[in-house]
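A.B. asks: Structure in structure tokens, see below.
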Amino acid sequence: MEVLDPGHKYLLNSLDHGEPILLTFVKRDSPPEKYPGNVGHYPGTQFQEVLRALIDRGEYVQNQQPCPETEAFIDFMRMGIWVLEVRVRRVRRQPGLDIPLVGIDKQPVCEQCGHIVCLDHWV
């Protein structure tokens, strides 16, 4: 892995002689007090979307060759989504998240902010 823009852009190694893969997280710079240190902006993904992809990959591998470690990995990734969604609720001073871990990765997301059960953009 190579860091191209700390916290935002990464060049990931590819196996079997493939080209490196660019992973880009959204970069915002406005309002500046919300994004200290960010200079410039561009579209990209967020943690939760990457975790959903990792869960899907884990489920695929688990169907090929089941093992407790892969199942634990899937559970940890789901917990990661849950923790990040709880964090955004705390930061936004909104009520807690009442969604079970199993299936959290299949919940619909807000097109504007990427969070599940968004209270800011969904009416």
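The values are calculated or read from the model by the stated rules, or taken from the named source; none is laboratory data. A quick note: this is a predicted structure, and the numbers were derived from the prediction, not measured. Glycine gets a Cβ as well: all are built from the backbone with ideal geometry, and neighbour counts include every protein chain shown.
Every residue, every condition in (1) loosely packed, with under 13 Cβ neighbours inside 10 Å; (2) touching a residue at least 12 places away in the same chain (Cβ under 8 Å); (3) of a type in the set (Asp, Glu); (4) in the same structural domain as Gly7 (by TED's automatic domain parsing), yes or no:
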| residue | (1), (2), (3), (4) |
| --- | --- |
| Val26 | no, yes, no, yes |
| Arg52 | no, yes, no, no |
| Tyr60 | yes, no, no, no |
| Pro68 | yes, no, no, no |
| Met79 | no, yes, no, no |
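A.B. asks: Which one of Pro95, Pro31, Pro6 is of a type outside the set (Ser, Thr, Tyr), under 18 Å from His121 (Cβ atoms) and not assigned by TED's automatic domain parsing to the domain that holds Cys118? Before the answer, list the steps.
C.D. replies: Numbers: Pro95 fails: not assigned by TED's automatic domain parsing to the domain that holds Cys118; Pro6 fails: under 18 Å from His121 (Cβ atoms).
Just a single option satisfies the conditions, and that option is Pro31.
A.B. asks: Consider region 90-123. How many of its residues are of a type in the set (D, E, K, R), touching a residue at least 24 places away in the same chain (Cβ under 8 Å) and outside any loop (DSSP other than H, G, I, E, B)? Break it down into steps so the answer makes sense when it comes.
C.D. replies: Pass one, region 90-123, residues of a type in the set (D, E, K, R): 90, 92-93, 98, 105-106, 111, 120.
Among the residues that remain, those that are also touching a residue at least 24 places away in the same chain (Cβ under 8 Å) are: 92, 105, 120.
From the residues that got through so far, the ones that are outside any loop (DSSP other than H, G, I, E, B) too are 105.
So the count comes out to 1.
A.B. asks: Given the criteria in contact with a Phe, Trp or Tyr (Cβ under 6 Å, 6 or more places away or on another chain) and not in a helix (DSSP H, G or I), does Leu11 qualify? Spell out the reasoning first.
C.D. replies: Values: in contact with a Phe, Trp or Tyr (Cβ under 6 Å, 6 or more places away or on another chain): no; not in a helix (DSSP H, G or I): yes.
Here the answer is no, as Leu11 does not meet what is asked.
A.B. asks: Within region 28-50, how many residues are touching an Asp or Glu at 6+ places or on another chain (Cβ under 8 Å) and either farther than 27 Å from Arg87 by Cβ or surrounded by fewer than 14 Cβ atoms within 10 Å (Cβ to Cβ) (or both)?
C.D. replies: In the first step, residues of region 28-50 are kept if they are touching an Asp or Glu at 6+ places or on another chain (Cβ under 8 Å); the result is 35, 38-41, 48.
Those left that are additionally either farther than 27 Å from Arg87 by Cβ or surrounded by fewer than 14 Cβ atoms within 10 Å (Cβ to Cβ) (or both): 35, 39-41.
Residues in region 28-50 being touching an Asp or Glu at 6+ places or on another chain (Cβ under 8 Å) and either farther than 27 Å from Arg87 by Cβ or surrounded by fewer than 14 Cβ atoms within 10 Å (Cβ to Cβ) (or both): 4 in total.
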